[in-house]
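The values are calculated or read from the model by the stated rules, or taken from the named source; none is laboratory data. Keep in mind the model is a prediction, meaning the values are calculated, not measured. Don't worry about glycine lacking a Cβ; one is built from the backbone with ideal geometry, like all the others, and counts go over all protein chains shown.
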Amino acid sequence: MGKEIADRIIKLLSLADDTGSTSAESENAREKAIYLMAKYELTESDIKKEEVITKSIYIDCLWMPYCNMSLYFVLAEHNGCMAVYRPGNKEYRKKFIGTDPENVDKSYYERLKDYSNLKISFIGLSDDIETTLYMHSNINKQVVAKTTEYSKIYKPLGYTQNDINNYKIGLVSGINKRLKDLRDRAVEEANIMSNSTSLIVVSSAVTKRKIVEDIVDRTMDINKQKVEIEKTDSLREGIFDSKDIVFQEGVESSENSKLIN
């Protein structure tokens with residue numbers, strides 16, 4: 001792809017999004033950009049030449065149950081990136097807790113810190129990772145609140161911690177389904193809009209999501225089959241209650257998260 005083609009598409013997209021452009025100018029610029037992108041089989045990320053990066057967060061524990069971890073996986077998948085985790089090491093954690101950073105080599109201390117805590121790494125484009133962290137900050141608060149409320153009601157009735165965890169898995173499964181429905185609807189609408197030029201343009205984020213979709217689906221399905229045997233009601237109630245989760249709310253900037261390049 002010649003640099004002049006990429007520059008031309010970027011200028012057309014900028015014109016299409018320019019608030020100073022008339023509706024006719026915006027529509028014409030966007031149609032030309034879509035035509036060129038389809039002709040040269042380009043995505044927006046190809047044009048912007050965004051690089052795939054890795055960012056990690058450390059959580060102060062050795063491990064966490066799947067019901068807590070799964071929300072990271074689901075949100076990463078739907079934002080076009082991938083999340084992987086590594087549990088903390090018990091022996092390293094013992095050394096880390098008892099180590100004074102002022103009295104040891106800095107690289108040694110950082111290595112202790114790295115291996116003593118649970119680590120979740122996100123692989124993808126910077127904007128996709130940032131969106132994942134924003135969404136998790138918002139949605140996880142709601143999931144925790146609903147799970148706490150559920151626990152207060154049903155633990156006195158004999159429900160176990162496994163039942164509560166199954167409820168949380170149900171919430172995340174329901175969130176996963178709702179996000180898929182929203183994505184499929186957006187892709188369908190985009191394809192309908194592009195029919196006028198006989199072009200079907202799918203965003204690079206959707207393409208990337210397909211790469212990890214099967215992995216996430218299989219994980220969710222296997223876990224769902226397992227918990228249905230343990231407590232079908234808890235899982236179903238979680239899926240039903242997920243309808244109350246709000247996806248778009250103002251959240252605290254993820255700049256405050258412990259991000260490690």
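Show the residue pairs meeting these rules: Cβ distance below 9 Å; 6+ apart or different chains; first residue within segment 174-186 and modelled with pLDDT of 90 or more; second residue outside any helix (DSSP H, G or I) and surrounded by 12 or more Cβ atoms within 10 Å (Cβ to Cβ). Here the result reads 174/245; 175/245; 175/247; 178/245; 178/247; 179/247, each pair linking segment 174-186 to a residue that is outside any helix (DSSP H, G or I) and surrounded by 12 or more Cβ atoms within 10 Å (Cβ to Cβ). Exactly one residue out of 91, 130, 188 is surrounded by fewer than 13 Cβ atoms within 10 Å (Cβ to Cβ) and within 23 Å of the chain's Cα centre (by Cα), and it is 188. Candidates in segment 15-74 are the residues that are of a type in the set (Lys, Arg) and under 26 Å from the mean Cα position of the chain (by Cα); of these, the one that is nearest to residue 96 (Cα to Cα) is 55.
Could you say which residue among 205, 190 is modelled with pLDDT of 50 or more and either among the aliphatic types (A, V, I, L, M) or out of contact with any Asp or Glu (no Cβ under 6 Å at 6 or more places or on another chain) (or both)?
Exactly one residue qualifies, and that residue is 190.
When we screen 12, 62, 42 for residues that are in a helix (DSSP H, G or I), surrounded by 13 or more Cβ atoms within 10 Å (Cβ to Cβ) and either in contact with a helix residue (DSSP H, G or I) (Cβ under 9 Å, 6 or more places away or on another chain) or not assigned by TED's automatic domain parsing to the domain that holds residue 134 (or both), the only hit is 12.
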